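Structure record follows, encoded as structure tokens.
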Amino acid sequence: MAGVAPFFITGANAKIKLNGVTLAFCTDLSYSVIVNHATPVVLGMYEASSIEPLSYKVSGGLTVVRYANNVKEELESKGYKTPVNVSPDGNGVGNWTKNSGQDLGSRILSSGAFGNDGRAQENFNPSKLQNGTFFDIEIYQKMPQDGEIRGIARLRNVRLVRMDGRINKKSTLMEQFQFQAIYLDGDSFIADFSGTGQQHE
Amino acid sequence: MSKRGFTNEKGGLGGVVDSVVDNILGGVSGIVSTKPTAKYTSGARTTLKINNKLVGFAFSVSWRINTEYVENRTIDDYLANELIPTRISVDGTIGTFHIPGQSATAALIQPDVLGFLFHKYITIEVRDSATDELLFYTNKAVITSRMESLQSEQLGTVQLSFKAIGWKDEREPEVPAGAASMNDANAEQSAGSRLVQAGKEAFNKAKGIFGK
């Protein structure tokens with residue numbers, strides 16, 4: 001139909017930010033919210049007498065096409081062009097921070113010594129697990145020529161819990177991550193805190 | 001009305017007003033809806049307070065109320081003549097995670113070695129947060145045991161056992177009408193009068209047997 005623009009969200013027009021950093025070369029991302037319920041069945045009835053909420057859990061996974069550290073600089077130094085927006089430091093999980101880079105300042109900042117940003121990059125380093133903070137993953141819809149942000153979902157207080165790498169002769173190296181989160185905000189609701197002050201205890 | 005969702009929340013005064021309107025309408029719709037809501041207690045909707053302070057790191061609480069009776073056994077009667085109330089005892093357990101620095105002793109819930117003889121009773125309150133109904137309350141409890149467990153690949157847990165003197169729940173305890181006085185017209189209903197009556201009946205029964 002003439003004059004109708006692409007409307008729906010697809011992998012091609014979605015944008016993912018992790019730790020406030022655009023997660024480039026992400027091929028897929030999934031998330032799920034599970035609200036466990038009990039269905040009490042009492043004497044004298046066939047159907048459940050109620051459906052009682054018991055717990056709320058958020059989890060999901062994402063996959064990233066990997067490229068290595070220093071490939072960009074090496075190729076460009078020999079006169080080749082490289083894909084747009086690739087990082088000279090590679091896109092490993094250790095660089096999923098605003099402060100990626102090998103200079104001293106970036107290393108100090110990415111160590112978490114300063115700032116209050118999430119530190120996904122520490123989720124697979126045993127020496128940093130205890131002090132690694134939670135972080136957020138945000139999913140947006142991109143619109144061309146438009147500065148307004150259209151959020152779809154925000155996973156709050158995330159921690160990575162599993163990483164799998166996979167390579168074969170017919171495809172690029174893919175790293176698959178699984179995560180758990182405390183909350184999932186949608187574009188039509190905020191997942192508010194459910195308790196009555198326990199977070200302050 | 002604004003959408004309160006991620007990145008669509010309006011800032012400024014308009015956003016605040018919209019949020020307030022959202023909250024009010026959300027609350028009203030919850031009140032006037034005719035649809036059923038969850039009604040059974042569960043761990044998620046239960047709050048635990050010790051010494052009037054919310055215990056945010058507890059994951060379980062249980063209590064047992066024993067109302068003990070002994071049988072009044074009489075000669076030539078294979079049924080109990082009376083169940084005589086003898087004692088009420090209350091005990092239970094609380095399961096918690098251990099946040100370093102907030103042990104049961106540090107929180108003044110359990111006495112330490114020097115305060116053991118002087119430690120005050122603690123209060124324990126279990127309440128349904130959805131209805132604000134009191135599920136269990138005692139103001140004279142002591143921690144009688146604490147078992148802590150730390151294991152690889154698991155969170156550390158603490159199991160506290162308590163004993164208490166008396167309890168109340170959704171209903172405030174009341175003395176039954178007539179129980180305060182043996183001379184009252186309703187005294188026949190009191191436990192003491194029943195005991196006297198049972199004694200009389202036992203005596204008369206025995207007299208009937210041995211009087212022949």
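The values are calculated or read from the model by the stated rules, or taken from the named source; none is laboratory data. All values derive from a computational prediction rather than experimental measurement. Glycine also receives a Cβ, built like all others from the backbone with ideal geometry; neighbour counts cover every protein chain displayed.
Observations, loosely collected:
- Qualifying residue in the stretch A:67-84 (condition: among the β-branched types (Val, Ile, Thr), in contact (Cβ under 8 Å) with a residue 24 or more places away in the chain and either in contact with an Asp or Glu (Cβ under 9 Å, 6 or more places away or on another chain) or within 14 Å of another protein chain (Cβ to nearest Cβ) (or both)): no
- Scanning the stretch B:34-47 for residues that are among the hydroxyl-bearing types (Ser, Thr, Tyr) and either more than 14 Å from every other protein chain (Cβ to nearest Cβ) or touching a residue at least 40 places away in the same chain (Cβ under 8 Å) (or both) returns B:THR34, B:THR41, B:THR46, B:THR47.
- Selected residue (only one of B:ASP128, B:ASP132 is acidic (Asp, Glu) and surrounded by fewer than 16 Cβ atoms within 10 Å (Cβ to Cβ)): B:ASP132
- Total residues in the stretch A:95-120, condition buried (at least 18 other Cβ atoms within 10 Å of the Cβ) and at pLDDT 65 or above: 8
- Condition check for B:GLU153: of a type in the set (D, E, K, R) and more than 22 Å from B:LYS49 (Cβ to Cβ): yes
- Meets criteria (touching a His at 6+ places or on another chain (Cβ under 6 Å), within 14 Å of chain B (Cβ to nearest Cβ) and farther than 22 Å from A:TYR140 by Cα) for A:PRO53: yes
- Top-ranked residue of the stretch B:70-84 - restricted to ones that are assigned to a strand (DSSP E or B), surrounded by 14 or more Cβ atoms within 10 Å (Cβ to Cβ) and not aliphatic (A, V, I, L, M), ranked as farthest from the chain's Cα centre (by Cα): B:ASN72
- Test: residue in the stretch B:48-62 that is more than 14 Å from every other protein chain (Cβ to nearest Cβ) and modelled with pLDDT of 95 or more: yes
- All conditions but one from (1) among the small types (Gly, Ala, Ser); (2) outside any loop (DSSP other than H, G, I, E, B); (3) surrounded by 14 or more Cβ atoms within 10 Å (Cβ to Cβ) apply to B:SER62; the one that does not is (3).
- Of all the residues in the stretch A:142-162, those that are crowded, with 16+ Cβ neighbours inside 10 Å and in contact with a helix residue (DSSP H, G or I) (Cβ under 9 Å, 6 or more places away or on another chain) number 3.
- Close Cβ contacts (under 6 Å, 6 or more residues apart or on different chains) running from residues in the stretch B:82-93 that are more than 10 Å from B:GLU68 (Cβ to Cβ) and at pLDDT below 95 to residues that are surrounded by 15 or more Cβ atoms within 10 Å (Cβ to Cβ) and polar (S, T, N, Q) comprise B:GLU82/B:ASN72.
Yes/no matrix, rows are residues, columns are (1) in contact (Cβ under 8 Å) with a residue 60 or more places away in the chain; (2) more than 16 Å from the chain's Cα centre (by Cα); (3) farther than 23 Å from A:VAL93 by Cα; (4) within 13 Å of another protein chain (Cβ to nearest Cβ):
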{"site": "A:ILE152", "(1), (2), (3), (4)": "yes, no, yes, yes"}
{"site": "A:ARG159", "(1), (2), (3), (4)": "no, no, no, no"}
{"site": "A:GLY165", "(1), (2), (3), (4)": "yes, yes, no, no"}
{"site": "A:ASN168", "(1), (2), (3), (4)": "no, yes, no, no"}
{"site": "A:GLN176", "(1), (2), (3), (4)": "yes, no, no, no"}
{"site": "A:GLN180", "(1), (2), (3), (4)": "yes, no, no, no"}
{"site": "A:LEU184", "(1), (2), (3), (4)": "yes, no, no, yes"}
{"site": "A:PHE189", "(1), (2), (3), (4)": "no, yes, yes, yes"}
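- Verdict on B:ASN52 being in contact (Cβ under 8 Å) with a residue 60 or more places away in the chain, loosely packed, with under 15 Cβ neighbours inside 10 Å and in contact with a Ser or Thr (Cβ under 8 Å, 6 or more places away or on another chain): yes
- Any hit, the stretch A:122-136, residues being over 26 Å from B:GLU153 (Cβ atoms) and either out of contact with any strand residue (DSSP E or B) (no Cβ under 9 Å at 6 or more places or on another chain) or not in a loop (DSSP other than H, G, I, E, B) (or both): yes
- When each of B:THR41, B:THR37 is tested for being within 30 Å of A:ALA38 (Cβ to Cβ), modelled with pLDDT of 80 or more and surrounded by 14 or more Cβ atoms within 10 Å (Cβ to Cβ), the lone residue that passes is B:THR41.
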